1. Restricting to Cα pairs below 8 Å that are 6+ residues apart, what does the relative contact order work out to for the chain? Please round to a whole percent.
2. Determine the alpha carbon to alpha carbon distance for each of 231/377; 130/175; 104/325; 29/124 and list only those over 20 Å.
3. Short version: what are the Cα gyration tensor semi-axes of the chain, square root of 5 times each eigenvalue, largest first, in whole Å?
4. Please give me, ordered by residue number, the GluC sites (Glu not before Pro) of the range 42-96 that lie in loop per DSSP and have at most 14 other Cβ atoms within 10 Å.
5. Let me check against my output: what whole-number percent is the relative contact order of the range 34-152, with C-alpha pairs under 8 Å and at least 6 apart?
6. Can you compute the label reach from residue 55? Point 7 Å from Cα along the Cβ direction, backbone N cut-off under 17 Å, restricted to the range 92-107.
7. Compute the length gained on full extension between residue 104 and residue 244: take 0.36 nm times their separation in residues and subtract their Cα-Cα distance, giving the result in nm to one decimal.
8. What distance in nm separates the two pseudo spin-label positions at residue 445 and residue 203, each 7 Å out from Cα along the beta-carbon direction?
Amino acid sequence: MAVDFDLIVIGSGPGGYVAAIRASQLGLKTAIVERENLGGICLNWGCIPTKALLKSGEVFEKLSHLGDYGLSAEKPAFDFAKVVERSRGVARQLNGGVGFLMKKHKIEVIEGVASLQKGTPAPKVQIALKAGATRTVQAGAVIVATGARAREVPAIGLVSDGDRVWTYRDAMTAKAMPKSLLVIGSGAIGIEFASFYRALGAEVTVIEAMDRILPVEDEEVSATALKAFQKRGLKFRVGVKVTALAKTATGVSLTVEAGGKAETLTAERAIVAVGIEANIEGLGLEALGVKIDRGHVVTDDHGGTGVAGLYAIGDVAGPPWLAHKASHEGIHCVEHIAGKAPVKVHSPIPGCTYAQPQVASVGLTEQAARAEGRKVKIGRFPFRVNGKAIASGETDGFVKVLFDDATGALIGAHLIGEGVTEMIQGFVVAMTLEATEAELMATVFAHPTLSEAMHEATLDAYGMVLHI
């Protein structure tokens, strides 16, 4: 059967648009279908604009500590509307950048809502165009990269109304700065918004059902983060179950339970940050025989769904729900489709939380390693004795590394502190190259840098730490 394209990608987030670019580079005639904004949630409503907000909050918060640096400024203030508009401007700039890349690589952008029908050599893609018409196209392969959205729980009131109860999207474009805020969920999204609004002066309480915040992180990191956030004035309620969220005359009322006792918390606004749900509805996946498990598309090591010519990548295909994971999967998937030897898909995937202080990690936590029965060597180095950290006035946090006792392989790294979301990549490269403690010990780290703590932590794992 004649095809209109070699590849059609449904969704233009960091998985979809990167996959489309790589396909074009490999000579595949490619189209991308997008129902809203090029760049997807990450670029328009997630990863990028939230970092713009966080930067504004970080700068404002530092103004209150200028005396520590021998500086002063009179009556620091902020314009909340301009803070939000700066964030939206960053998103618009990058959205335009993705549009430029589509034109540069001769990728046809089709604006509309896609659904799949049986076809060969891949399912047909029917598109409800924004103009109101319908277009059906056939490709040699189709990649579903539709991403995910904020999870809501209507049964207990955890549903955005765009006014008093927010998801991340609402919290990013609030019309006014709230005086008080409840954040339900202490994963990366919840903590980042809690950090931003606290930096601008809101009274923020974070509610977490698990027994610690940032529950996917190493326990030592979670504990240190809790103390650092509390020092900044954030409040936490951990190990509590949310049973109801309701709107009141002045804001919101949240009912929580712990130890058999109920308690009511109130604030002007609430942010629901209890996870995400994959965007699988309306695509026709199940009618084609695509397997869905716990709301996500089941795929093989190359993104294949088991249906001829149909692939899925990124958030729609399951955790970890990270933009860089989606991009990497997209490249691998396209190279497989093109018959090339694909890039390594199982490279270690780092995770980052861009609060103050920052958190970054890759590989196994100490708890996970011990649960697997592995014998490990553990090294730690605190920033409080790192020269660059002291000079910068940013001494909270540490670097923690885990090595396999038998082989010396680096199997995990966990960092909390200033700039660690940039530092983590050094450990990712080391793990990808299967470096051992010997290579890391032999690596020369520039002085003075925060990254010297990476070297010292490695030395500490083997009893050779120098500056403690």
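The values are calculated or read from the model by the stated rules, or taken from the named source; none is laboratory data. Computed from a predicted model, the values in this text were never measured in an experiment. Cβ sites come from the backbone with ideal geometry, for glycine too, and all protein chains shown count toward neighbours. In case anyone asks, the SASA skips ligands and DNA or RNA and just uses the protein heavy atoms, side chains included. Shrake-Rupley method; radii C 1.70, N 1.55, O 1.52, S 1.80 Å.
1. On the way: 1016 pairs, mean separation 66.5, N = 468.
Computed value for the chain: 14 percent relative contact order.
2. On the way: 231/377 31 Å; 130/175 28 Å; 104/325 24 Å; 29/124 16 Å.
Cα-Cα > 20 Å for 231/377; 130/175; 104/325; rest within.
3. On the way: eigenvalues 283, 181, 94 Å².
Working from the Cα gyration tensor, I get semi-axes of 38, 30, 22 Å.
4. Values: sites: 58, 61, 74, 85; in loops: 74.
Here the sparse-neighbourhood loop sites are 74.
5. Values: 115 pairs, mean separation 28.7, N = 119.
Here the relative contact order equals 24 percent.
6. 92-98
7. Working: separation 140, 0.36 × 140 = 50.40 nm, distance 5.02 nm.
Full extension from residue 104 to residue 244 adds 45.4 nm.
8. Each label point lies 7 Å from its Cα, and together they span 4.2 nm.
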